[in-house]
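Below: the structure, in structure tokens.
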Amino acid sequence: MSEPQRHPEVQPSAADMRLIIAASTAGTIFEWYDFFIYGTLSAIIGKTFFPAGNATLQTLLVWATFAVGFGFRPFGAVLFGFFGDRLGRKYTFLVTVTLMGLATAAVGMIPSTASIGMAAPLIIIALRVMQGLALGGEYGGAAIYVAEHAPAERRGTYTGWIQTSAMGGFILSIAVVLTCKAVMAPATWADWGWRVPFLLSVLLLAISLWMRLKLSESPVFRAMKEEGSVSGNPFIESLTYPGNLKRLLVAMVGSAAGMTVIYYTALFYMLTFLKGPLRVDDTVAEATVGIAALLATLAFQPIGAWSDKVGRKLPLVLGYVAALALLFPAFHAIGQAANPRLTEASAHTPVVVAGPDCHFDTFASDQASQCGKLLADLANLGVPYRLANAPVTGLSAGGQPVALDGYPWGDKAARAKAMPRLLAPHGYDLNKVTPPWSARITIGAWIFALSIALGLTYGGMAAQLAEMFPARIRYSSMSIPYHLGTGYFGGFLPLIASYMVAKSGNPYQGLWYTLAVVAAALLVTLWGAEGGPPRDFSEDG
């Protein structure tokens with residue numbers, strides 16, 4: 001297909017912009033769907049590929065593999081950023097979406113660890129690496145492609161759709177999982193039906209490729225190519241371009257890291273929190289989070305448009321301040337609404353574990369001491385606990401001793417059943433619960449509020465990052481700090497937060513990680529982000 005020879009200042013028609021936004025947004029939705037479906041189905045992934053004999057360790061292994069994908073996103077940003085700045089925006093993000101779609105579909109075809117042993121988790125890790133590499137090149141390509149077509153005064157308006165699409169991928173993953181559960185018998189879903197959302201990626205890939213092949217190259221890149229001003233080595237130039245190191249730091253910490261920890265706390269960590277410590281029915285938890293996220297997503301593009309008027313910095317600062325103010329109140333209010341009996345028991349009848357050598361090794365399949373076994377059993381159930389020194393191992397609830405006579409110390413499966421029975425008389429009902437509609441509305445409202453804080457940080461971010469860097473190295477300079485920030489600060493959040501919760505016995509402990517990163521992001525933004533009306537990159541900017 002021949003590409004139109006058009007000077008970059010000649011703006012595309014309204015029809016052209018609709019196609020550009022639709023193709024870029026749809027592809028990004030599908031790619032984020034592919035990446036997020038793993039997190040959405042983390043529990044069943046753990047049982048199938050990481051059966052560790054320790055529920056806490058199994059959870060950590062799942063989130064560690066989730067983090068592997070994020071860990072490789074910066075490498076994908078370097079690789080595909082190089083190609084995007086050297087060879088063009090369009091063909092680079094065609095390659096990334098293809099790689100992502102094939103890797104995700106492959107997850108749905110890998111036999112379980114019970115069938116092929118350790119080869120199964122190793123293959124899953126390799127596929128997560130592929131997904132991370134692909135996503136490292138996708139976001140920057142799609143955001144820059146739209147930004148370089150958009151008129152300067154509407155850049156936030158148009159790129160706001162790309163921001164919406166990332167949340168759209170999460171929502172699509174929730175919707176597909178709920179639909180599959182609705183049309184399948186529970187036994188079918190648990191046996192093989194969970195693989196369908198992964199296999200669906202092949203269809204989404206075909207749709208995305210069909211739409212993106214209709215697109216032409218970015219007019220800014222075409223102009224650079226005609227002028228011979230394409231960067232020779234965009235990675236090196238990103239590090240050496242005057243003033244770029246400060247811009248890279250602001251993009252990485254002030255924009256990407258802060259936004260991402262809000263994102264994953266409000267969504268993935270929230271799902272784990274509801275399904276685990278709060279014992280909410282899985283389907284109810286998924287539907288509640290999904291609906292609240294969908295409603296909040298409707299504000300993302302308007303926030304991007306608002307940033308065209310007030311600048312990119314103000315919404316970012318407001319989002320961080322809102323997140324810092326809402327974080328702990330939101331989670332505590334959700335805990336009270338979702339499972340008030342369990343929350344009340346935790347507050348007024350605290351569980352205390354006492355004994356010598358009271359150490360909990362989260363990476364052991366079982367604990368060496370009796371005290372460690374009690375800690376592991378409580379952590380596996382998501383029950384908060386406190387520690388006390390004592391010469392003899394003991395367990396109490398609300399100051400009342402819990403008899404451990406006959407406790408099956410040597411049988412983990414038997415202990416998993418025995419502990420709930422021991423705690424039940426003390427108000428700890430550890431069965432799954434279905435909150436009433438009034439409680440679900442309360443939960444959804446708090447998730448919505450956190451997601452609006454996310455939208456303030458995210459809605460104008462693509463436009464902000466595109467405007468921060470010169471066109472010749474924009475793909476690399478935008479993608480590398482973005483994926484360092486999202487990959488290492490955000491991608492490791494579920495793993496770090498889960499570890500903090502397991503070690504402390506406090507289901508809210510992991511929120512301190514989010515709080516620290518958001519506070520750092522706010523400070524870096526106040527220090528280094530450009531204020532005032534939006535403007536294109538300039539040497540003195």
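Throughout, read-outs are computed from the coordinates displayed, never taken from laboratory work. All values reported here derive from a predicted model rather than from experimental measurement. Positions of Cβ are generated from backbone atoms using ideal geometry, with glycine treated the same way; all protein chains shown enter the neighbour counts.
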List the cysteines of the chain that have no other Cys Cβ closer than 4.7 Å: which are they? CYS180
Looking only at aspartates and glutamates whose Cα falls under 15 Å of LYS246's and that sit 8 or more positions away or on another chain, we get GLU237, GLU467, GLU530, GLU539, ASP540
Segment LEU203-SER365, extension gain: residue separation times 0.36 nm, minus the distance between their alpha carbons: 54.4 nm
Aspartates and glutamates whose Cα lies under 19 Å from that of LYS275, excluding same-chain neighbours fewer than 8 positions away: GLU286, GLU344, ASP377, ASP429
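Based on the Cβ-Cβ distance from ASP405 to LYS47, what FRET efficiency comes out when R0 is 30 Å, to the nearest 0.05?
0.40
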Take THR188, THR362 and order them by how many other Cβ atoms sit within 10 Å, fewest up front. THR188, THR362
Relative contact order, percent, of segment 343-426 when contacts are C-alpha pairs under 8 Å separated by at least 6 residues? 33
Between LEU515 and HIS426, what FRET efficiency comes out of the Förster formula 1/(1 + (r/R0)^6) with R0 = 30 Å and r the beta carbon distance, rounded to 0.05? 0.45
Amide H of ARG386 versus every other amide H placed in the peptide plane: which residues, excluding those fewer than 5 positions away on the same chain, fall under 5 Å? VAL351, VAL352, VAL353
Inter-label distance for ILE236 and ARG386, nm, one decimal - labels placed 7 Å from Cα along Cα-to-Cβ: 6.1
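Given only helices, namely DSSP H runs of n ≥ 4 each adding -39500 (n - 2.57), what is the per-residue ellipticity at 222 nm of the chain, to the nearest 500 deg cm²/dmol?
On the way: 27 runs with 363 residues, N = 541.
Dividing the helical sum by the residues of the chain leaves -21500 deg cm²/dmol.
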Surrounding net charge for MET252, when Lys and Arg each add one and Asp and Glu each subtract one, Cβ distance under 15 Å: +3
On each of the three principal axes of the Cα atoms of segment 185-282, give max minus min coordinate, whole Å, ordered largest first. 61, 36, 19
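Summing +1 for each Lys or Arg and -1 for each Asp or Glu, what net charge is found among the other residues whose Cβ lies under 14 Å from the Cβ of TRP306? Please report the intermediate quantities before stating the final value.
On the way: positive: ARG154, ARG155, LYS309, ARG312, LYS313; negative: GLU153, ASP308.
Taking every Cβ under 14 Å from that of TRP306, the sum is +3.
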Candidate aspartates and glutamates - alpha carbon under 13 Å from LYS90, same-chain residues fewer than 8 apart omitted: GLU3, GLU138, GLU148, GLU217
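Work out how much length THR179 to LYS225 would gain on full extension: take 0.36 nm times their residue separation and subtract the Cα-Cα distance, in nm to one decimal.
Full extension from THR179 to LYS225 adds 11.9 nm.
By the scheme Lys and Arg +1, Asp and Glu -1, what is the net charge of all other residues having a beta-carbon under 15 Å from that of GLN509?
Values: positive: ARG386, LYS503; negative: none.
Spelling it out: positives minus negatives among the neighbours equals +2.
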Distance in nm between ALA347 and TRP527 label points, each 7 Å along Cα→Cβ, equals 3.9
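Run through segment 435-486 and list the trypsin sites (Lys or Arg not before Pro) located in a DSSP loop whose Cβ has at most 10 other Cβ atoms within 10 Å.
Numbers: sites: ARG440, ARG472, ARG474; in loops: none.
Here no trypsin sites (Lys or Arg not before Pro) fit, given the DSSP loop and packing criteria.
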(i) 27.6; (ii) 25.2; (iii) 30.1, with the label sought being that of the calculated mean projected area of the Cα convex hull in nm²: (ii)
Would you kindly state the longest site-free stretch of the chain, with sites defined as GluC sites (Glu not before Pro) in a DSSP loop (not H, G, I, E, B) surrounded by at most 11 other Cβ atoms within 10 Å? 10-538
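Normalising by the residue count of the chain, find the relative contact order in percent from Cα pairs under 8 Å and 6+ residues apart. Before the final figure, lay out the partial values.
Values: 977 pairs, mean separation 142.6, N = 541.
Once normalised by length, the contact order is 26 percent.
Say R0 is 30 Å: what FRET efficiency, to the nearest 0.05, do ALA187 and MET118 get from their beta-carbon distance?
Details: r = 27 Å, r/R0 = 0.90.
Efficiency for this residue pair is about 0.65.
Can I get the semi-axes of segment 213-330's equivalent ellipsoid? Compute them from the C-alpha gyration tensor as square roots of 5 times the eigenvalues, in angstrom, largest first.
On the way: eigenvalues 281, 72, 54 Å².
Semi-axis lengths for segment 213-330 are 37, 19, 16 Å.
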